[in-house]
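Report on one structure; see the data block that follows.
The values are calculated or read from the model by the stated rules, or taken from the named source; none is laboratory data. Model, not experiment: these values are computed from the prediction. Reconstructed Cβ throughout: ideal geometry from the backbone, glycine too, with neighbour counts over all protein chains shown. All accessible areas refer to the heavy atoms of the entire protein, side chains included, with ligands and DNA or RNA removed. Shrake-Rupley method; radii C 1.70, N 1.55, O 1.52, S 1.80 Å.
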Amino acid sequence: MGKNLRFYAIIIGVMALSLQVGRIYGQSCEESVDIPDAEKKFTTGNFDEVFSILLPCLKTGYSPNAKVQAHKILAMTYLALDSTQQASRSIQNLLAINPSFVPDFASSPQFKELFQYVKDSQERIIQITSVSKRAENVLKVPATVTVITDKDIIKRGYQNLEQVLHDLSGFDIAKGNGPGYSNFYGRGYRSTSNDRMLMLIDGIEENDLASDNIPISRQYPLSDIERIEVVYGPAATMYGNNAFVGVINIITKKYAEIIDANNKVQVKGQTRYGTWNSRYLDATVATKTKDVAISVSGRFFESNEMNLSQYPEWNYGTREASDYASHLNRTGTAAQTYANSTQLLTKYPNSDLYTVEYANNAISAIKLTPKGQQRAAQLDNQLFNGNAFNQPVSFNDFSRDWYIKGKMEFKEFTILTSSWRTDEGAAPWYTNQTRLSTRNLSRWITLYRSLAGIYNKVLSEKFQIVILSSYRLHEIDGGTNLASYRSYYNNRLGIADLAAGTTPTYSTVYYYRGSNQFRNELRALWSPLPTLDINSGVEYRNSIIQGNYITSATPNPDDIGFPADTLRGGNNFRALDLGIYTQATYRYSPSLNLVAGLRLDNNRVRKSGGYGVVVNPRLSVIYSKGNFIFKGIYAEAFKDASYLQKYGTTSDRRLNNPTLQPEKVRNVEFSVYYKISKEANINIAAYRANYSNAVGLVTVVLENGTRTNQFQGIGRQRIWGIQAEANYQTEKLNIWSNFTYTNPTDLTSGLRISDIADFSFNIGANYQLNKSWHFNLTSHYVSARKSGAGTSGSRNPIQSFDPYLVLDGVVTYHNLFKGVSVQATVNNLLDKEYFVPGIREADNIVGASRFPQEHRNFSIGILFDIK
């Protein structure tokens, strides 16, 4: 009996030893057993056993979710042993697997604090979602990307979204303060509006439904932004139309992850007052229960804007006789033609307002006398010194914008709703020869509303689905108007009118446009192999788009107006769009990733219109070794002409073009990232893009023999360039810089594309003196820009715009009171006067040829983050 007991004891001992050996050598790693067991060992203080359970199996087994839990337990164990360095490494390993990980309520305060520190100090190796619609390391995505975080927004003192773009590489910006607050040309592609890039907020598109324009002004709140991801180059493989030269993706905060059990309510934002009576309130209020997080974000902005009446193009002051010294004169054959057509000498033969000169028995010149010049000024001043609709005529660019957004976050479902309105002056885009300006005349008012739902379900460790449904309504409000006038100053009244004593008059056209769209996208993320990820989706859109503006001579044309022109089948167009895409990432080795993607888009307008089928591929090779990352990218994209270009008409563009085909681009790009040291890194990207069927305006002859303009696909362009970024980061000092070189050529004419600078660079430095004081200095340099004659795209009378260097400064004092900070900013620190080219044709008759940029301006802000 004793021998038997000893035998069984030996057997049991051998089995126990075998289990332990098996555990050590990874032969029996059962995560469903090990993780709870390790948690118990940690709770009871058996730290050595935690290591013996988890460390061997992390090398040989465990699913990604189990590895995350294992690294969390290891980090807490190291903390208990006062080994902060080892704990930090475990947290880094955890974040490498799951960048979205958030400590749960049961986690110790020490772990939460260290976790946040490690996450914040990860040298901007951020997980982004814009390129492949899934979380990826920003350094290894198959595209060139820049990320601006919420911390950057605060430290650099950005006051609106448009300001952020000035600090980025790859943009030429023409801020004109008109119907479109700012035009930005991505990678040297000059267009009539911001319609060649796609902008998203939490996956919901912001581009206007009729014009495709990105309506960036001062309406978007910054307090709700987690980060801004800017993808350079074609991105149609994942996004379809509009992602032609890039994507701007704004990711807002997820309050279900931010707010913890101890702080159930958070109020964050800023209020600011500055030069030109500019003021705004930008805030987010969020709260959280066990099942749902609710947040409301809003912004209200008002400003008188910089007064441009000091410049002749926008001077609506008293006219002087000298303004008419040559204004109305006719010389050469034009003089005889004018005299004949108006019967000037027959009707007003003895007028002392003009003189007539003869040569070879024909009229060679008709000129105003000094008395005529004085009389023209007197008549015009009845308009310029008078009222229009009970408002004094003067330059006015007053702006009032607002935005409101609500979000409800459940475990797997998010509901978002937003509404915003911009009401801004239109006069700065034009000149005082074409538009009349008062507080209520020449206004551009835009109204956007949206409702969306996002369902995100992880079905297994290998499969996840995302469903996004959205409804958008975009309007040009019926209060939108452009006022024009007939006077001697703008030559719409002539010498014969002056002799007849004709008084100047004005007229106003009010505009309305409304379009809506329902969009639904089903996306599946599948990882069939440890080395293979596949992201596929189907996207469907059902749109009702208005073609022409509805116009009237009084407000509210949507009630009383008519379309600007008659279109066959009516003024509204039903469009159906279907997109099917897939992108696969294959990790051939730890150092080499291969990416291939393809998207098919189909568009039908009514029964027989639309562009049909378009296919766009993407191929990428990403090689990483140590501190070095190399990318090779080939991508194609398309840009369908906007509905305004295809169906809309204006007084000088009376012929539409429903059969206008999409533009195409083929882009080849190479980039190199190098981590010089723990503190410093550099990234350089070079690209070459070939564009075909570029849309432009062409003069055509109508059936009645008159001439007008029409949008046609006429051009080919080749743009190549270099973008570089460098960053140096220590605990208290951050120095960043970027550089852009662009060489854009219109291959049809062989000329350089107008208004694009050869090169530009930005350099910024941010220094934290102590816990309270924070200083930021940014410099912007833009080289000379060619325009007008000798270039392609502009009729600007100015052929070259001078280079400029502008400095901006920010000083922040943190925690003046708990959760309340003060920030002072000075933009254009040296008060540099500089101009950027006007947009579109910029002929300085209809459209301004130049836009003065803001002089030195100050603001003081109160920043608050109250929990």
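The angle separating the long axis of helix 64-80 from the principal Cα axis of greatest extent in the chain is about 70 degrees. Take the Cα of S589, step 7 Å toward its Cβ, do the same at S469, and the gap between the two points is 4.8 nm. Taking a point 7 Å from the Cα of S608 along the Cα-to-Cβ direction, the residues of segment 649-668 with backbone N closer than 14 Å to it are 658-659.
If each residue of separation counts as 0.36 nm, what is the full-extension length gain between A784 and F759 once their alpha-carbon separation is subtracted? Walk me through the intermediate numbers first.
Details: separation 25, 0.36 × 25 = 9.00 nm, distance 0.84 nm.
Full extension of this stretch gives 8.2 nm more.
Segment 376-414 and segment 662-710 have Cα centres lying 33 Å from one another. Please report the spacing between the Cα centers of segment 476-528 and segment 770-829 in Å, no decimals. Between the Cα centre of segment 476-528 and that of segment 770-829, the gap is 31 Å.
Give me the angle, in degrees from 0 to 90, between the Cα long axis of helix 47-60 and the longest principal axis of the Cα atoms of the chain, rounded to the nearest 10. Approximately 60 degrees, to the nearest ten.
In plain terms, the chain is cut at each of the GluC sites (Glu not before Pro) found in a DSSP loop with at most 14 other Cβ atoms within 10 Å, and the longest leftover piece is 462-702. Between L532 and F628, the simple label model (points 7 Å from Cα in the Cβ direction) yields a spacing of 3.0 nm. Here r is the Cβ-Cβ distance between D352 and D843 and R0 is 51 Å; the resulting FRET efficiency, rounded to 0.05, is 0.90.
Taking 0.36 nm per residue of separation and subtracting the Cα-Cα distance, what length does fully extending L769 through I682 add?
On the way: separation 87, 0.36 × 87 = 31.32 nm, distance 2.55 nm.
Roughly 28.8 nm would be gained on extension.
The trypsin sites (Lys or Arg not before Pro) of segment 568-670 that DSSP puts in a loop, and whose beta carbon has at most 10 other beta carbons within 10 Å, are R568, K607.
Using a simple spin-label model with pseudo-atoms 7 Å out from Cα toward Cβ, F413 and Q799 lie 6.5 nm apart. Against the main long axis of the alpha-carbon atoms of the chain, helix 370-384 sits at an angle near 40°.
Report the relative contact order of segment 563-648, percent, no decimals, based on alpha-carbon pairs under 8 angstrom and at least 6 residues apart. Don't skip to the answer; put the middle values down first.
On the way: 134 pairs, mean separation 18.7, N = 86.
Rounded, it is 22 percent for segment 563-648.
Basic side chains Lys and Arg get +1 at the Cβ, acidic Asp and Glu get -1 at the Cβ, and with that the dipole of the chain about its Cα centre reaches some 1100 debye. The string of couplings for segment 400-409 from the Karplus curve (6.51, -1.76, 1.60, θ = phi - 60°) is 9, 10, 8, 8, 9, 9, x, 9, 10, 10 Hz, one whole number per residue in order, with x for Gly and Pro. 3J(HN,Hα) along segment 813-821, derived from phi through the Karplus expression 6.51 cos²θ - 1.76 cosθ + 1.60 where θ = phi - 60°, amounts to 10, 7, 6, 4, 10, 4, x, 10, 10 Hz, with x in place of Gly and Pro.
3J(HN,Hα) along segment 274-282, derived from phi through the Karplus expression 6.51 cos²θ - 1.76 cosθ + 1.60 where θ = phi - 60°, amounts to x, 3, 6, 6, 7, 7, 7, 10, 10 Hz, with x in place of Gly and Pro. Mean separation of Cα pairs under 8 Å and 6 or more residues apart, divided by the residue count, gives the chain a relative contact order of 10 percent. Beta bridges assigned by DSSP with both partners in segment 730-867 are antiparallel in approximately 95 percent of cases.
What FRET efficiency comes out for S32 versus K732 if R0 is 35 angstrom and r is the Cβ-Cβ distance? Round to the nearest 0.05. All intermediate terms of the calculation are to be shown ahead of the outcome.
Working: r = 46 Å, r/R0 = 1.32.
Efficiency at R0 = 35 Å is approximately 0.15.
So if each residue of separation counts as 0.36 nm, and I subtract the Cα-Cα distance between R492 and F389, what length gain in nm does that give? Spell out each step's value before the answer.
Values: separation 103, 0.36 × 103 = 37.08 nm, distance 2.12 nm.
Working it through step by step, the gained length comes to 35.0 nm.
Atom-type composition of the exposed protein surface of the chain places 56 percent of the accessible area on carbon and sulfur (1.4 angstrom probe).
Counting only heavy atoms of the protein chains, get the accessible area per residue of the chain (1.4 Å probe) and round it to a whole Å² value.
Values: 38120 Å² over 867 residues.
Per residue, the chain has 44 Å² of solvent-accessible surface.
From the alpha carbon centroid of segment 197-242 to that of segment 60-84 is 39 Å. K290 to L576: FRET efficiency via 1/(1 + (r/R0)^6), r the Cβ-Cβ distance, R0 41 Å, to the nearest 0.05? That pair, K290 with L576, gives E of 0.45.
List the residues whose amide H sits under 5 Å from the amide H of Y316, counting only those 5 or more places along or on another chain, with H placed 1.01 Å from N in the peptide plane. Under 5 Å from the amide H of Y316 lie the amide H atoms of F395, each far enough along the sequence or on another chain.
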